[in-house]
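Here's the structure we're looking at; comments come further down.
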Amino acid sequence: MSDDFSQLQLRVLGYKSDDGKWAAHCLETDLVGYGKTFRKAVDDLIELTEMQISFAFKMEQPSLLYHPAPLHIIESYHNLVQLTLQSYTMKRKVKRDQKVASLPLPLQSNKPDHPFVQA
């Protein structure tokens, strides 16, 4: 893999779905993982992302890798990042029913503590 690819970060918005489970929604792929906790939802998203990447390589169709999330998801992510940054200086509390994360590529879910960053 090239160095450029290994530096890529997939952005993730976490939120509670209608059924009370956590959703981890990737902004670059529009894939959504679900779980009882945000961490479990991210684990599910990583598995889905690995399958999508594998399929795209197998089919030799890189266009299968990029499919942006709907605009309202992207806007929610950016709004939450802005609120999170403001919370550091203004001592505001960030809503805990939403979270942001990033997944570094290449993904390595076969390791017990795969890397992901959560705000």
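For Leu103, indicate whether it is touching a Lys or Arg at 6+ places or on another chain (Cβ under 9 Å) and aliphatic (A, V, I, L, M). Yes.
Scanning the stretch 104-111 for any residue that is aliphatic (A, V, I, L, M), surrounded by 12 or more Cβ atoms within 10 Å (Cβ to Cβ), within 15 Å of Thr29 (Cβ to Cβ) and at pLDDT below 85 turns up at least one such residue. Restricted to the stretch 40-78, and to residues there that are without any contact (Cβ under 8 Å) to a residue 24 or more places away in the chain and surrounded by 13 or more Cβ atoms within 10 Å (Cβ to Cβ), the residue that is farthest from Ala23 (Cα to Cα) is Ala56.
Given the conditions (1) in a helix (DSSP H, G or I); (2) under 24 Å from Tyr15 (Cβ atoms); (3) modelled with pLDDT of 85 or more, report the number of the one that Ser63 does not fulfil. All conditions are met except number (2).
The values are calculated or read from the model by the stated rules, or taken from the named source; none is laboratory data. Here the structure is a predicted model, which means the values were calculated and not measured. Neighbour counts are summed over all protein chains in view; Cβ atoms, including those assigned to glycine, are modelled from backbone coordinates with ideal geometry.
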